[in-house]
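Below you'll find the structure, written out as structure tokens, and then a few comments.
Quick note: the coordinates plus some simple rules give every number you see, no bench work behind them. Remember, it's a predicted structure, so these values are computed and weren't measured experimentally. Because the Cβ atoms are built from the backbone with ideal geometry, glycine has one as well, and the counts that use them run over all protein chains shown.
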Amino acid sequence: MIRFLVLLIFMFLYIPIVYVVASSFIDGGEITTKWFVKLFEDRDIVRSFYNSLSIALLSTLFSVILGSFAAYAFLKTNKRFESLFYTPIVIPEITEALSLLLFYRLLSFPLGFYSVLLGHIAFNIAFVFIIVNARLSSQLRSIEDASLTLGADEVQTFLRVTVPIAMPGIIAASLIAFTLSWDNFIKTVFTTGPGFQTLPLLIWSQAARGVVSPSLNALTTLMLFVSLFLAYLYAKISTKRE
Amino acid sequence: MRHFLALPAIIYLLVLFYLPFLITLLYSFGFPGFTLKHYSEILDPLYLKVFINSLILASITTVLCFILAYPLSYYIALKAGKWKNFLLLLVILPFWISFLLRTYAIMTLLTPLGLMFTFPAVVIGMVYDYLPFMILPLYASLERVGRSQIEASYVLGAKPSQTFLKITLPLSKSGIFAGVLLVFIPALGEFVVPTMLGGTYATIGTITWDLFLRYHNWWKGSALSVVYMALVLLAITIYIKRSERIEL
Amino acid sequence: MEGFAVELDGVSKSYSNFEAVRDIKLKIRRGEFFSILGPSGSGKTTILRLIAGLLYPDKGSIRLMGEDVTFVPAYKRNVGMVFQDLALFPHLNVFENVAYGLKVRKTPEEEIKRKVKECLEIVNLDPEKFGKRKINQLSGGQQQRVAIARALAIEPSVLLLDEPLGSLDLKLRQHMMSELKRIQKTVKTTLVYVTHDQSEALIMSDRIAVINQGSLEQIGTPAEIYENPATKFVAEFIGEMNFIPAEVYNGGLISEIGYIKVSNLNGAKRVLVAIRPEKIKIGCRNLDNVYNAVVEEVAYVGGFLSVKARINDFCLKCLTSSDLRVEENQKVELGWRADDAIIFEA
């Protein structure tokens, strides 16, 4: 009984995804890749693709640097400051997004690439902090001390010991930060301006009207594959570490 | 000394996360002037109906998610054996895909079924999106219950049904609470699903969106957002208080 | 080799809210196996970190091999340290861990290979078999050996060990203790060993410093510390001890068990008479102090009997050969020589 129920629930979770992916490869009963070819012929889509990519890459880069240093600084020693990084994760995204919009308006900050990027970084810093913080062991301090007693100065210790030990956590955090930024919709839609479009915004602009189309299926499939590929990398790194 | 390395990140969050919330609060009181009228306007029957709509939708979503997630989590945590890791992977995978894409995916199925723009469509979409958020905390708490406690209960003469009611369910209480919170709070403010699948079904999320992005009524939008935030903070405070008590 | 390897002169160190060590004076001889013994939180690890240069003192000075290093950073001191949690580099294999100190010194490749092999052999790890292993592929005992080899590789002027055996089970701990002695004899280095385990310290050390609440209680050989504890704390902390409160009366002592004859008295009016369980003889009459007692409890502890005997209402722990036949509730005579008791001010 319970097995049948479990099976049904997993079917419920996965059939829609499989259906989208399958239908993006089908045209009138035949298997085709023409919907994907069409995507790359559409200049709007290609430009949005580059926009999404650059926002995701840059926000990952900056948030990983800021968030990792913060995680290293606290290393599970200061609970009060840590909670500063947990709030952005429990707060519903929509309230965060509209606050940012008001903030930009008040400063007359031009809405577009930079306003979107700055918002994504804020959100990602919190995630990076939590992931890196969770993976850095409190033993790191004594490992660094060991390096010092063996004759390595602070800089050598940081480069030869701290960075390599923190690396798996940093890579994991980068993958999650990239994914969150890559398919972010709510924060982007509130903080973007005229002329700056990302892939999720493009999908929204058509799907919000309830329209399903083969090219939209293909675009969704494309984004899905990117996310799943990142998830795969993440799993690979996590299991390697154990 | 080393703590200074956290300074850039902290300053960044203070300026680009915490400060904007303060500004929202200011706007809700009629910035640059001061008035309470935006709050009184929200109490208007029209908005009250939206609040009730959102509560109904969030409640139905939470209950349905719980009904589906509990047996699933129970199975993965205690019965799945060698399949456990694989099933867990299937639960975690959707977390990597954004709501927008997943909602679009369910839309492609609802369209041929002719369910689009109905209340059931919205509910199905909500449950579809939020189910993993209920499964994971439930699984985590049931995992901690472990077999030995259940076996101890059998040895002491409890029937399976008694064991479930007296041991398993109470021990997974913290997971139930976390799951309910993780679904209910964001579901209250959800606007992707009702907009895409429900057409005109108004919730706190869709109204906020309209106030900000369509009517540019920052003040009323802020007041609505502040009320929503207050509800969220209330729920989180209760949760923290409760989890402290459970630990004791 | 003349002189001292480590000298601490009036060293104090405070953290924000408490004084971790206070006015420590220590001179550790070259080639010595020196233990710092104290309960947890007594400040012994702080002393070790001060010697290593991982902390700087607020007051006092530290000399290593005759040179003042008080404010010299750890990486310039050439001190080997084995950490309590071992602190092995998880991202490096065994060879790379041991080679680390030599690598940062820019030692030539060939020299590194030779030296790492030598150090792994000293700690009884086959370099061929273990060199390429990851740290998490080693057992607890093997990790211990790698940590020691890593510290030895830089040919340290002193080797500091911070409770390195704490995480091992009893059998392995005993084995590693004799290993440590052997290693120290092989490399002839000065070794400073921090522990809270008195038996470890007594068995291995040439000399022991007993630390309590940040202050030095006593320095001496294991025998001196056991036989002649300088303070009540040392007497209580090391080995078992019976304490009998007493008052001076007529050149002797009056206590709950009766009159106690002692060999020397130090001016105090109220005192504690301390007597080791094994110094109390049961069924023996020609002693300075003899009492009638009732046996309360007898426990067999491998070769010995641990006996609890009551004189009036006062209980004494005695340790005696298991050849003796005593039973519970048996009436016995027990006593000790005046020289065997130690007197502390109450």
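Observations on the model:
- Value of Rg/Rh across the protein assembly as shown [Cα atoms, Kirkwood radius]: 1.10
- What the pair-distance distribution of segment B:35-247 shows, using all Cα-Cα distances binned every 5 Å from zero, is 1, 7, 13, 15, 16, 15, 12, 9, 6, 4, 2, 1, 0, 0 percent.
- Positive end of the dipole of chain C (Cβ unit charges, origin at the Cα centre): among C:342, C:246, C:61, the Cα lying farthest that way belongs to C:61.
- Extension gain, residue C:249 back to residue C:206 (0.36 nm per residue minus Cα-Cα distance, nm): 11.5 nm
- Among the listed pairs C:129/C:188; C:232/C:261; C:13/C:44; A:187/B:241; C:25/C:269; A:79/A:187, a Cα-Cα separation exceeding 23 Å is found for C:129/C:188; A:187/B:241; C:25/C:269; A:79/A:187.
- At full extension, residue C:172 and residue C:110 could sit 18.9 nm farther apart than now, given 0.36 nm per residue minus the alpha carbon distance.
- Think of it as helices only: each DSSP H run of n ≥ 4 in chain C is worth -39500 (n - 2.57), and spread over all residues that comes to -7500 deg cm²/dmol at 222 nm.
- Neighbour counts of C-beta atoms inside 10 Å place C:307, C:332 in the sequence C:332, C:307, starting with the fewest.
- Reachable lysines from residue B:220, criterion Cα separation under 17 angstrom, eight or more residues apart if same chain: B:37, B:49
- Hits among lysines - C-alpha to C-alpha of residue B:159 under 22 Å, sequence gap 8 or more where chains match: B:79, B:173
- Ranked list, fewest to most other Cβ atoms within 10 Å of each Cβ, for C:323, B:210: C:323, B:210
- Amide hydrogen neighbours beyond the local backbone of residue C:36, cut-off 5 Å, H modeled: C:193, C:194, C:195, C:209
- What you get for the protein assembly as shown, charging only the Cβ of Lys and Arg (+1) and of Asp and Glu (-1), is a dipole of about 1120 debye around the Cα centre.
- Close amide H contacts of residue C:29 (hydrogens built in the peptide plane, cut-off under 5 Å, sequence separation of 5 or more or a different chain): C:5.
- Summing Cβ point charges (Lys, Arg +1; Asp, Glu -1) relative to the Cα centre of chain B gives a dipole of roughly 640 debye.
- Long-range tail of P(r) for segment C:1-68 (Cα pairs > 20 Å, %): 25 percent
- Relative contact order computed over segment C:176-265 (Cα-Cα under 8 Å; 6+ residues apart), in percent: 14 percent
- Dipole axis of segment A:74-137 (+1 Lys, Arg; -1 Asp, Glu on Cβ), positive-most option in A:81, A:110, A:127: A:81
- With contributions of -39500 (n - 2.57) from each DSSP H run of at least four residues, the per-residue ellipticity at 222 nm computed over chain A stands at -26000 deg cm²/dmol.
- Distance between segment C:64-106 and segment A:116-151 - C-alpha centres, whole angstrom: 23 Å
- Using equal-weight Cα scatterers in the Debye expression, the normalised intensity of segment C:1-114 in log10 at q = 0.13, 0.15, 0.22 Å⁻¹ is -0.61, -0.79, -1.26.
- Using θ = phi - 60° and Karplus 6.51 cos²θ - 1.76 cosθ + 1.60, couplings along segment C:40-51 (whole Hz; Gly, Pro as x): 5, x, 8, x, 5, 5, 4, 4, 4, 5, 5, 5
- Computed log₁₀ I(q)/I(0) - Debye formula, equal Cα scatterers, no solvent, segment C:240-345, q 0.10, 0.12, 0.17 Å⁻¹: -0.27, -0.38, -0.74
- Segment C:319-343 and segment A:40-68 have Cα centres spaced 85 Å apart.
- Sorted by Cβ density within 10 Å, fewest first, the residues A:220, B:208, B:237: B:237, B:208, A:220
- Charge dipole (the protein assembly as shown, unit charges on Cβ, about Cα centre) - positive-most of B:31, C:255, C:140: B:31
- Equivalent-ellipsoid semi-axes of chain C, from the Cα gyration tensor, Å, largest first: 46, 25, 15
- Peptide A:99-109 is shielded by partner chain Cβ atoms: per residue, an average of 6 of them sit within 10 Å of its Cβ.
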